[in-house]
Amino acid sequence: MVKMETAELETDLSLFKYDNLEQLPPRYRDLDGAERTERIEAALEELGDDVVILGHNYQRREIVEHADFVGDSYQLSKQAAEADAEYVVFGGVTFMAESADIITDDDQTVILPSMEASCPMAGMAEALQVDSAWAEITAAAPDADIIPITYMNSYADLKAFCASQGGLVCTSSNAHRAFEYAFERGDKVLFLPDKHLGENTAYRMGMEDQIVEWDPWDPEGKDADEVAEHDVVLWDGYCQVHERFRVDHVEQIRADHPDANVIVHPECRREVVEAADKAGSTATICETIENAAPGDTWAIGTEIHLTNHLQRWHPEVNVLPLCGDACMDCNAMRQIDPNYLTWVLEELVEGRERNVIEVAPEEKDLAKVALDRMLEI
Ligand code: 13P
Ligand code: SF4
């Protein structure tokens, strides 16, 4: 297998990757809902085809109702690749906007309305940290070809690192295909940063006895012998929103609603996925509810905004949050509020670009290789 040389990777270990972070001007802070909608619509009218708004399924209602396209991470990256608007305004989190910047042409500009929308899980695998772990992991299995796969929920420098080592990106909808890609080319996989998606995928592939965890923060949690003996090495990262779901939530829902079906996101713990009837990306969750028969009951284990959207979009289906009031919203996704959207759009009308996401050129080309490999599998 041909491996490219490791890229020069630079990482500042801060939560916010961009130094052009701009806060909402005070005059936008207390906009009235109706006035705000009118102003967003007026700005969109003015901007016409120059702008496209992409919205992740976890965005709040006031964002998704203005989006040209709403979907999961995979669908949004495809939409970004196909977009020909000059401006792509991303209702999502930093890693999604970065991916859009990598995939779009150089003359297109990606705007993340609030630069504070940073996914904590992406921050759990910093490229510098992975670089040093990589040296330990490869030394543990010197004869093996190890392919790194990073979940889309990671920063561009880590995507670039994975490409440099023959690896690729995946989302929750194609992680199994990324595993297939990797095992066609190598002997072992290092999966980052979400250990639950990695574990759920390994189970789906029948590789449950091949799993070992690598805890970069715990010297005891890094066992070279274990790495040598197992083919799926899982980085110890996780999503706080999805780790919250437990098996007793599934049991309680089934006790309270004996006819309920349960669907969860594969970022949930293994035992929760096992207890559920179905697991899948946010797009799979949407399709499942779209295809449900009127009167069916589905309990959903994912970020609460999506569950709320599905209740609104499909009143004929009984859609329940899997853990009731304890279901969380995603703090990072929540940073994109409609006041920010109003501001960045009105600034564009005035010819000013705010909160532009621009991946460093030295990371961009390699990160694109990792994303293109994903789009091709
Ligand atoms: P999807 O790829 O399923 O949309 O998930 C993205 C995400 O961030 C889940 O937490
Ligand atoms: Fe990150 Fe979890 Fe939020 Fe998804 S739901 S963006 S993984 S924190």
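The values are calculated or read from the model by the stated rules, or taken from the named source; none is laboratory data. Only a predicted model underlies this, so the values are computations on that prediction, with no experimental measurement involved. Counting neighbours? That spans all protein chains shown, and the Cβs are built from the backbone with ideal geometry, glycine included.
Things worth noting here:
- Tabulated pairs, region 110-126, first farther than 14 Å from Tyr155 by Cβ and modelled with pLDDT of 95 or more, second more than 9 Å from ligand 2 (Cβ to nearest atom) and charged (D, E, K, R), C-beta under 6 angstrom, 6+ apart or interchain: Val110/Asp101
- The residues of region 325-364 include none that are of a type in the set (Ser, Thr, Tyr) and touching a Cys at 6+ places or on another chain (Cβ under 9 Å).
- Val227 being among the β-branched types (Val, Ile, Thr), away from ligand 2 (no atom under 16 Å from the Cβ) and modelled with pLDDT under 95: yes
- Checked against (1) farther than 23 Å from Cys239 by Cβ; (2) in contact with a Ser or Thr (Cβ under 8 Å, 6 or more places away or on another chain), His314 meets all criteria but (2).
- Looking across region 288-312 at every residue that is among the charged types (D, E, K, R) and either touching a Lys or Arg at 6+ places or on another chain (Cβ under 7 Å) or not in a loop (DSSP other than H, G, I, E, B) (or both), the one that is nearest to ligand 1 (Cβ to nearest atom) is identified as Glu290.
- Residue count for region 119-163 under the criterion of being assigned to a loop (DSSP other than H, G, I, E, B) and under 23 Å from the mean Cα position of the chain (by Cα): the result is 9.
- Verdict on Asn331 being more than 15 Å from ligand 1 (Cβ to nearest atom) and either in contact with an Asp or Glu (Cβ under 8 Å, 6 or more places away or on another chain) or in contact (Cβ under 8 Å) with a residue 24 or more places away in the chain (or both): no
- As a summary of the residue check, Val272 satisfies the conditions (1) over 18 Å from the mean Cα position of the chain (by Cα); (2) surrounded by fewer than 24 Cβ atoms within 10 Å (Cβ to Cβ); (3) under 28 Å from Ala182 (Cα atoms) except for the one numbered (2).
- A single entry from Ala283, Ala276, Ala299, Ala292 fulfils the requirement of being out of contact with any helix residue (DSSP H, G or I) (no Cβ under 8 Å at 6 or more places or on another chain) and either more than 27 Å from Val89 (Cα to Cα) or in contact (Cβ under 8 Å) with a residue 24 or more places away in the chain (or both): Ala292.
- Filtered by the rule that a residue be away from ligand 2 (no atom under 16 Å from the Cβ) and without any contact (Cβ under 8 Å) to a residue 60 or more places away in the chain, region 150-176 gives a lone residue, His176.
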